[in-house]
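Written below as structure tokens is the structure these notes are about.
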Amino acid sequence: MSRKRQLRVSLICDNKIREYDSLLLLQEKLRDELHAQVKIFGSIAEIQRIYFMLHKFQPDVVILPQVQEKSCRELADYVRKSGGIVGVLPSEVTLSDTMVKTVVNDDTHYDRYVDLFFFPGKDQKKHFLFSDLSASKMFVTGSPKIDVSVLAAQRQPMSRKEFSTTFQIPLNRKINIFVFTSFPISSEDYQKKDISFSKSIPFLRMVSKYIRLTKESYLQMIPLLAGRFSNCNIILKPHPLELVSTYSSLNVPNLHIVDKATIHQCFGSIDLAIHWTSTVASECWINDVKTIQYSPFAEYDEHLIDLTPGNPLFHTREELFAGITHYLKHPLEPKYLRFQRQYLRNNFYLLDGMSSGRIASVIKRNLRFHKTKPSYSRGYSYLFFVQHLLDRWLGPVLVRRIMSSLFRSKSWRYAQLNYLPY
């Protein structure tokens, strides 16, 4: 009698800093609850490598971070045609009104690509009720990404001394002001090639202009901030999709860039956090970290993320600096804290750190109706196989450095930073 095949699950990671810790949580729970082989593959920047690893592993279930982009839709289609189940665990745990327009619209289809969609909370699900995704495929489970913050809040955070030693932050300055930037911009050429974005080019062009203007304003503001608060460490944490080189020209003695730190390593060292429009604010709230918001262009406020009422919002540098002085000494007013609690309840299901268990339960229930044994044909090119051999001979880091130098492509640099071994 042949032995029953062990369940196999692939978790696709796009960005290590944003997603890897949460996928490790999910991997552990799927192994425990489903007795499955679970492998984390990445990054999507090397889509041919993902096809190669799926062909080699032959998974029953594949969890993707999104299916809005063409490469991810094609990958989902490949998995389903191969007999696999496609789940989506969104890497974006909140959606601004601006982002909703690019995610839910007449040209973006979900039902043909997705079997299971795991929502972090009821607010994100309500947007997808206007998509073509069947209600039977929607599950509000919470998000392992938020679970990481919830679990971090339940245990002792990395100490200020350990954080300072790890990331070379001087301990002689007793106050740490963190600035969380979030200015990644997709190229218009890329957007035009993808039908999900191509119909919204004028709108996206306006959003890109807004991001560029705000980024330029932050680049001007940060040195002034460091000068005004010269007795403090100004710690800059760029968005994982930003190029750190953007900030390398900010040569200020008390400014420190911690692009390699995770948000969870930062919590124990933050006296005050400044952001523009970032979901990192909600993770700060879970960990009782004070946040304030700086948006230098009031005329664009309608495009800010929906968590804005949860912290003071400033539009000018002088307002910002006065706000920093005030909130370093005083707590946020009760109206902000009330909004924060309501926002967290609406956007993140239960906040009990058990989202991975609920995802495992959904997968287990749906496997009862899925009897097809997957069979993945070769979906990668022979050119990639040459790269695979080079990886084995020269090592993945060296190969990606060579590719990045030869092609001067952002995608190769991104691949190098987010490479995960098979």
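Every number here is computed from the coordinates shown, using simple stated rules; none is lab data. This is a predicted model, so every value here is computed, not measured. Neighbour counts run over all protein chains shown; Cβ positions are idealised from the backbone, glycine included.
Report yes if some residue within the range 407-416 is under 27 Å from the mean Cα position of the chain (by Cα) and either in a loop (DSSP other than H, G, I, E, B) or acidic (Asp, Glu) (or both); otherwise report no.
Within the range 407-416, one or more residues are under 27 Å from the mean Cα position of the chain (by Cα) and either in a loop (DSSP other than H, G, I, E, B) or acidic (Asp, Glu) (or both).
Could we say that Ile40 is crowded, with 22+ Cβ neighbours inside 10 Å and either in contact with a strand residue (DSSP E or B) (Cβ under 9 Å, 6 or more places away or on another chain) or part of a loop (DSSP other than H, G, I, E, B) (or both) here?
It is false that Ile40 is crowded, with 22+ Cβ neighbours inside 10 Å and either in contact with a strand residue (DSSP E or B) (Cβ under 9 Å, 6 or more places away or on another chain) or part of a loop (DSSP other than H, G, I, E, B) (or both).
If you check Tyr382, Tyr349, which single one turns out to be hydroxyl-bearing (Ser, Thr, Tyr) and within 29 Å of the chain's Cα centre (by Cα)? Talk me through it step by step, then tell me what you get.
On the way: Tyr382 fails: within 29 Å of the chain's Cα centre (by Cα).
Answer to the selection: Tyr349.
So which of Arg400, Arg358 ends up being touching a strand residue (DSSP E or B) at 6+ places or on another chain (Cβ under 9 Å) and more than 25 Å from Ser82 (Cβ to Cβ)?
Just a single option satisfies the conditions, and that option is Arg358.
Can you confirm whether the range 321-336 contains a residue that is free of Cβ contacts under 8 Å to residues at least 12 places away in the same chain, surrounded by 14 or more Cβ atoms within 10 Å (Cβ to Cβ), more than 30 Å from Leu7 (Cα to Cα) and over 22 Å from the mean Cα position of the chain (by Cα)?
no
Report every pair of residues separated by at least 6 positions or lying on different chains whose Cβ atoms are under 9 Å apart, first residue within the range 227-250 and without any contact (Cβ under 8 Å) to a residue 40 or more places away in the chain and closer than 17 Å to Phe183 by Cα, second among the small types (Gly, Ala, Ser) and surrounded by 15 or more Cβ atoms within 10 Å (Cβ to Cβ).
Partner pairs satisfying both residue conditions: Leu250/Ala226.
Kindly establish whether Thr98 is touching a residue at least 12 places away in the same chain (Cβ under 8 Å), among the polar types (S, T, N, Q) and part of a helix (DSSP H, G or I).
yes
State whether one or more residues within the range 354-367 are over 30 Å from Val244 (Cα atoms), without any contact (Cβ under 8 Å) to a residue 12 or more places away in the chain and not β-branched (Val, Ile, Thr).
Within the range 354-367, one or more residues are over 30 Å from Val244 (Cα atoms), without any contact (Cβ under 8 Å) to a residue 12 or more places away in the chain and not β-branched (Val, Ile, Thr).
Give the residues of the range 52-68 that are farther than 20 Å from Leu367 by Cβ and in contact with a helix residue (DSSP H, G or I) (Cβ under 7 Å, 6 or more places away or on another chain), sorted by residue number.
From the range 52-68, those farther than 20 Å from Leu367 by Cβ are 52-53, 55-56, 65-68; that's our starting set.
Within the range 52-68, Phe52, Pro65, Gln66, Val67, Gln68 meet the criteria.
Just one of Trp412, Trp393 is exposed (fewer than 15 other Cβ atoms within 10 Å of the Cβ) and among the aromatic types (Phe, Trp, Tyr); which is it?
Numbers: Trp412 fails: exposed (fewer than 15 other Cβ atoms within 10 Å of the Cβ).
Just a single option satisfies the conditions, and that option is Trp393.
For the range 257-273: of the residues being in contact (Cβ under 8 Å) with a residue 40 or more places away in the chain and among the β-branched types (Val, Ile, Thr), which is nearest to Ile292 (Cα to Cα)?
Per the criteria, the residue is Ile270.
Tell me, which residue of the range 130-158 that is touching a residue at least 24 places away in the same chain (Cβ under 8 Å) and of a type in the set (D, E, K, R) is surrounded by the fewest Cβ atoms within 10 Å (Cβ to Cβ)?
Lys137
Could you please find all residues in the range 365-378 being crowded, with 18+ Cβ neighbours inside 10 Å and small (Gly, Ala, Ser)?
Passing the criteria: none in range.
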